[in-house]
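Have a look at the structure below before the remarks.
Since every read-out is calculated from the coordinates, none of them should be taken as a lab result. None of these values were measured; they are calculated from a predicted model. Cβ atoms come from the backbone with ideal geometry, glycine included; neighbour counts cover every protein chain shown.
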């Protein structure tokens, strides 16, 4: 009997899951990918777009290109999820599935902090990165603040990369002596889940470039008119150019479906990504996977990719009568851009016990070129 696999979300996890399922399943079975926007955006490259090194067209691809592989692509809003029935309402129409993969990512919520959206530039959206690109060119002197406005947030290295790339850009444009840069974050240190050694290395990279680092600062409100940020610890700071990581939360349809646990994110089996509802899986940023150290698995594209491979393999195996043996084990890696055409590279097992085992290679030109090559490979490979 023909089966339908419905995949919600056209980010890294959704695209990989749909492609792997389509390749593994006979054409009698349907693979349907749903996304609000018509294009897939390769979000790691927003940092380069911020500096004018990329255009939106260079880092996005039309999801309709997946139709060549036999994937049905539906553009629309996911309005309601009935996990028990594996039923999804998309733009007023109900879709029923035999298997449901939720890959909707994290919803960005800058309005959750009073004044934030009006005062600064959202590092994590295409519109925000484009606005920052233009604001950066007009900025000649003053104070740049990179603000992490809530936790958890995806791509834990991104705010540190942004600060170091902006510092490099100021040097390149000959204005560094007229500019100060600071990072404010509620974290105790950079990328704390990676362990104290990696955290210390990243902090050292940042401070070696003359960038101020201010941990354990949780923003409460931003005064756009006076360009002032207030923090829960009583501190207040000022800025001339504000770059922010917005608060993240699970999408509304996911929250209302009863899929989220105490963390506010979808509860899944950490190795199979199965939810508490039969035939329903969740992958990527929308999930909350606790680690032995008491912190959640970081939200990052590399994990969404690996989780998609696991879920696609196991769904296809179940449909075709084989054994579902794939497991997600927590291995991941990421580049850390530092400016000057250099990048570091962190990798390891984030689900190792009693603590993650992660190492960071020091920045080099070769690693930066590796990141460039990976971007091109990824967009070519999946589209």
Against the longest principal axis of the chain, how steep is helix 158-172, in degrees 0 to 90 to the nearest 10, with axes from Cα atoms?
40
Tilt, helix 12-24 to longest principal axis of the chain (alpha-carbon atoms), in degrees rounded to tens, equals 30
Sorted peptide list for 4-14, 258-268, criterion being average Cβ within 10 angstrom, highest first:
4-14, 258-268
Using Cα pairs closer than 8 Å and at least 6 residues apart in sequence, work out the relative contact order for segment 110-242, in percent.
31
Convex hull over the Cα atoms of segment 208-352, averaged projected area in nm²?
12.7
Which order do 383, 335 fall in if you start with the one that has the fewest other Cβ atoms within 10 Å?
383, 335
Ordering 270-279, 305-314 by per-residue average of other C-beta atoms within 10 angstrom, highest first, gives 305-314, 270-279
Among 293, 81, 144, the residue with the largest mean-square fluctuation in a Gaussian network model of the chain built from Cα contacts under 10 Å is 293
Given the DSSP H assignment, sum -39500 (n - 2.57) over each helix run of at least 4 residues in the chain and divide by its residue total; what's the result at 222 nm in deg cm²/dmol, nearest 500?
-8500 deg cm²/dmol
Ordered by packing density, taken as the mean number of other Cβ atoms within 10 Å over each peptide's residues, highest first, how do 68-80, 338-350 rank?
338-350, 68-80
Report, for segment 110-242, the % of DSSP beta bridges that are antiparallel, rounded to 5.
35
Given 10 Å bins starting at zero, what is the percent of C-alpha pairs of the chain in each, up to the one with the largest pair distance?
5, 23, 32, 25, 11, 3, 0
The chain: relative contact order in percent, alpha carbon pairs under 8 Å with at least 6 residues between
19
Taking Cα atoms, how many degrees apart are the long axis of helix 126-138 and the longest axis of the chain, rounded to 10 and kept between 0 and 90?
20
Could you work out the Kirkwood radius for segment 110-242, taking every pair of different alpha carbons, averaging 1/r and inverting it, reported in Å?
15.1
Compute the separation of the alpha-carbon centres of segment 117-185 and segment 305-345 and state it in Å as a whole number.
30
Compute the distribution of all C-alpha to C-alpha distances in segment 27-168, in bins of 10 Å from 0, and list the percent of pairs in each, rounded to whole numbers.
9, 32, 30, 20, 8, 1, 0
